[in-house]
Every structure is written in structure tokens, then in C-alpha cells.
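Sharing a structure below in C-alpha cells format, with a few things to ask.
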Amino acid sequence: QNLEHLQNKVIHQDLILFVPETTHDLISIGNPLSICVGNGHYGEKVLKKQCNIVAVKDKTNKFVYCIEFNRGQIIQARGYRNSHMPINLQQEFLKVLKEEKKVA
């Protein structure tokens, strides 16, 4: 995904970005969140450069959200059982993404 610059970035208080590198990483995100990101479809989309995927962990290292985005726009941001990631956290993520783009 070429998103190493986002690895371990803090987006809000104790929420930290995790950049998956393999389909196994996507499975390890999807299983505890009970979402379908690990089913193979999303890994294929990432490989075809149709999107990027990052996860968000809390201070206990537990996955709390997963974000699918492309070209600086969030496609979807989901938490446990496809609950919606709060808008303020999505905005924090986009802010970090924009700042990192300026640095890169």
C-alpha cells in the first residue's frame, strides 16, 4: 500500500493507525471487529490499487475501526459489526492523511 508513513500515527488521543501489509493482517482486523475486510475482496482491491485500508487501534492494542479510502476520500469507516466510525474521528484521520501527504 506504500503507507508506511501512517504506521503508528496517532489520530485522536489514544487511537493509533495500523497499516496492514498482508491479507492475514486484514483477517486479523476483520475477525475481532466482525466485519468482512478479511474475506479476500478487500485485499484484491488494495492489490489493484482501487483503495487503501488502514485500521485503528486503541491504547490496549485492540482494533476498534477499519477505514477504506482512496485519493484522500473515505469510502467507508467501520467499527464493530459495521457500526459507523464517528464523524469527528473520520475528520481526524483525514487531517493526519492530508498532513502526511504534505510531508511526503
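The values are calculated or read from the model by the stated rules, or taken from the named source; none is laboratory data. Keep in mind that what you see is a predicted model, and the values were worked out from it rather than measured. Note that we place each Cβ from the backbone using ideal geometry, even for glycine, and neighbour counts take in every protein chain shown. Ligands, DNA and RNA are stripped out before the accessible areas are found, and what is left, the full protein with its side chains, is counted by its heavy atoms. Shrake-Rupley method; radii C 1.70, N 1.55, O 1.52, S 1.80 Å.
I'd like the distance separating the alpha-carbon centroids of region 7-38 and region 39-104, in whole Å.
8 Å
Sort region 1-75 into rounded, prolate or oblate with this rule: let a ≥ b ≥ c be the square roots of the eigenvalues of the Cα gyration tensor; rounded if a/c is under 1.5, and if a/c is not under 1.5, prolate when a/b is larger than b/c, oblate otherwise. Intermediate values should be presented prior to the final figure.
Working: a/c = 1.83, a/b = 1.24, b/c = 1.48.
Cα axes put region 1-75 in the oblate bin.
With runs of 4+ DSSP H residues as the only contributors, calculate the mean residue ellipticity of the chain at 222 nm using -39,500 (n - 2.57) per run, divided by the residue total and rounded to the nearest 500.
Mean residue ellipticity at 222 nm (helix-derived): -10500 deg cm²/dmol.
Under a plain spin-label model, where a point goes 7 Å from the Cα along Cα-to-Cβ, how far apart in nm are Lys98 and Lys59?
Label at Lys98, label at Lys59, 2.8 nm between them.
Collect residues whose amide H, placed 1.01 Å from N in the peptide plane, falls under 5 Å from the amide H of Ile75; neighbours closer than 5 in sequence don't count.
Result for Ile75 returns Glu68, Phe69, Asn70.
Now for a different question. P(r) for region 33-85, please, calculated from all Cα pair distances in 10 Å bins and given in %.
25, 55, 20, 0
Could you work out what % of the accessible surface of the chain is carbon and sulfur, using a 1.4 angstrom probe and leaving DNA, RNA and ligands out of the count? Mind showing how you got there, number by number?
Numbers: 3190 of 6480 Å².
Here it works out to 49 percent.
Reachable lysines from Lys49, Cα under 28 Å, same-chain residues fewer than 8 places away excluded?
Correct list for Lys49: Lys9, Lys57, Lys62, Lys95, Lys98, Lys101, Lys102.
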